[in-house]
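One structure is given below, encoded as structure tokens.
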Amino acid sequence: MADDTSYIKWFRNSAPYINAHRGKTFVLMISGEAIEHTNFDNIIHDIALLNSLGVNLVLVHGARPQIESRVQQQGIDSRFHQDLRITDAGTLACVCDAAGSVRAHIEALLSMGVANSPMHGAAIRVVSGNYVTAKPFGVIDGVDLEHTGQVRRVDADAIHRQLAQDNVVLISPLGYSPTGEIFNIALEDIVVETAAAIKADKLIVFDELPGVICEGDLIRECELSEARDLLPTAENDYALLTVIRAAERGIPRCHLIGFAEDGALLEELYTRDGAGTLVSNDHYEELATATIDDVGGILEIIAPLEHSGVLVKRSREVLETEIHCFRVIRRDGVVIACAALYPYPEQATGEVACVATHPDYRRSDRGERLLRSLEKYARQQRLQSVFVLTTQTAHWFQEQGFAPSSIEALPPGKQQLYNFQRNSKVFVKQL
């Protein structure tokens, strides 16, 4: 019965994500290494489940280890220049053979209807085609890359027509020229160009590591500007660079997950905490630590909420002294949302306060983004929990994982300052 209750709770918590993702378009980057891994069958099952939940899917697969295996079998020396394979005629034959074999393997797995499996009853139509027009790299530093090419154009209209018919689009790491030539193209380039051309809602990159790993820690989420800062220290910098490139091209949400972990795709998309790393595109908005220049903008946002009793009143002088505790979201340099974290390091906890958004920018995820940023900072400070006092926003904080608590759970210093006239409710979230 306990297991059934846990499942029901999980299913209910997943329902908002199921609704949010239905009808959206995701591009999935699946490397040749992921395809060779023993967990790949489970990944295929989860992809089939996404399709049944109404997600439009474009799968872009790689074939590097498969190509290398065939090149070695043929006794061909692998040659590279600037991390690009030099694709001569003999190597191109190996590339086409490997790409065709991998594509057929994926199509076969997606065609299964095995009883007692996640694929039972699935009727998934997979379509492949010459969606990528390519051009040669040409000669670089005096080295002719021959049949190694780069993306010239992606036929977004043709892909959208297939998605509109509920087909899964499968794209290989090959491109075709108007003159009938075939080119070997880097998987990452096709992924980024395809996602940008079709204006995908998400890019999901399967990597050997479970997400962005920096100094041994898994980075759960960050914005584009933060991702750029992480790049020099990331263990999987090449995968992160692909995500950054896609975000810079306008993809709103890019995910990096591990291909070795069973269920990582579903956990990342349908649970609050996810499984890997989410990089969000902050092209128009910047989430940053507040500075003294933001005081006026913060006051403008919080003044109406103070007047209505939602927030405790703060003077300009107090705000100026506490400005280092605040995070803000700026749009075109103007503060449109704010939140603060007041640490109590001796009790390994911190107070979340002053979460507010300008009325013109509510009904979005900006409050959630700020809260996640504060929680991330709290973890960096080795805090084990955060708490909040609220009179009118209890439900929102509960939706973000906070649980009801009591005044006695507050740090002693905060208990002494508790305003019994306001009668604020106490909520705590374990980190």
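Counting only residues that are touching a Gly at 6+ places or on another chain (Cβ under 7 Å) and open to solvent by 40 Å² or more (accessible area, probe 1.4 Å), the stretch 304-343 holds 2 of them.
Considering (1) modelled with pLDDT of 95 or more; (2) over 19 Å from the mean Cα position of the chain (by Cα), the lone condition that residue 8 does not fulfil carries the number (1). All of (1) open to solvent by 50 Å² or more (accessible area, probe 1.4 Å); (2) touching a helix residue (DSSP H, G or I) at 6+ places or on another chain (Cβ under 8 Å) hold for residue 416 with one exception: (2).
The set of residues from the stretch 419-430 being free of Cβ contacts under 8 Å to residues at least 60 places away in the same chain and open to solvent by 60 Å² or more (accessible area, probe 1.4 Å) comprises 420, 421, 423, 425, 430.
I'm checking my understanding of the structure. Among residues of the stretch 395-404 that are open to solvent by 50 Å² or more (accessible area, probe 1.4 Å) and not charged (D, E, K, R), which one is farthest from residue 301 (Cα to Cα)? Among those residues, the one meeting the criterion is 404. The lone criterion from (1) open to solvent by 60 Å² or more (accessible area, probe 1.4 Å); (2) modelled with pLDDT of 90 or more; (3) closer than 27 Å to residue 236 by Cβ left unmet by residue 83 is number (2). Applying the criterion of being aromatic (Phe, Trp, Tyr) and in contact (Cβ under 8 Å) with a residue 24 or more places away in the chain to the residues of the stretch 341-372, the residue that is nearest to residue 294 (Cα to Cα) is 361. Is it the case, given these coordinates, that residue 157 is assigned to a helix (DSSP H, G or I), open to solvent by 60 Å² or more (accessible area, probe 1.4 Å), more than 25 Å from residue 43 (Cβ to Cβ) and at pLDDT 95 or above? The answer is yes for residue 157. Selection of the stretch 40-55 for residues being open to solvent by 10 Å² or more (accessible area, probe 1.4 Å) and either closer than 22 Å to residue 174 by Cα or part of a loop (DSSP other than H, G, I, E, B) (or both) yields 53, 54. Could you check, for the stretch 385-394, whether at least one of its residues is open to solvent by 30 Å² or more (accessible area, probe 1.4 Å), free of Cβ contacts under 8 Å to residues at least 60 places away in the same chain and among the hydrophobic types (A, V, I, L, M, F, W, C)? The answer is yes; a qualifying residue exists. Of all the residues in the stretch 344-384, those that are farther than 20 Å from residue 299 by Cα, over 19 Å from the mean Cα position of the chain (by Cα) and crowded, with 19+ Cβ neighbours inside 10 Å number 4. Residue count for the stretch 160-177, restricted to those that are in a strand (DSSP E or B) and either in contact with a Ser or Thr (Cβ under 6 Å, 6 or more places away or on another chain) or open to solvent by 10 Å² or more (accessible area, probe 1.4 Å) (or both): 3. Please determine, by comparing only the residues of the stretch 178-213 that are among the β-branched types (Val, Ile, Thr), open to solvent by less than 30 Å² (accessible area, probe 1.4 Å) and modelled with pLDDT under 95, which one is nearest to residue 251 (Cα to Cα). Among those residues, the one meeting the criterion is 212.
Number of residues in the stretch 253-274 that are closer than 21 Å to residue 374 by Cα and either open to solvent by 30 Å² or more (accessible area, probe 1.4 Å) or at pLDDT below 90 (or both) equals 5. Looking across the stretch 21-46, the residues that are touching a residue at least 12 places away in the same chain (Cβ under 8 Å) and polar (S, T, N, Q) come down to 25, 31, 39, 42.
Look through 31, 69 and report the one residue that is open to solvent by 40 Å² or more (accessible area, probe 1.4 Å) and at pLDDT 90 or above. Exactly one of 31, 69 is open to solvent by 40 Å² or more (accessible area, probe 1.4 Å) and at pLDDT 90 or above, namely 69. When the residues of the stretch 86-115 are filtered to those that are within 26 Å of residue 195 (Cα to Cα) and among the charged types (D, E, K, R), the one that is least open to solvent (accessible area, probe 1.4 Å) is 107.
The values are calculated or read from the model by the stated rules, or taken from the named source; none is laboratory data. This structure is a prediction, so every number in the text was calculated from the model and none was measured. Every residue, glycine among them, receives a Cβ derived from its backbone with ideal geometry; neighbour counts consider all protein chains shown. Calculation scope for accessible area: heavy atoms of the full protein, side chains included, ligands and nucleic acids excluded. Shrake-Rupley method; radii C 1.70, N 1.55, O 1.52, S 1.80 Å.
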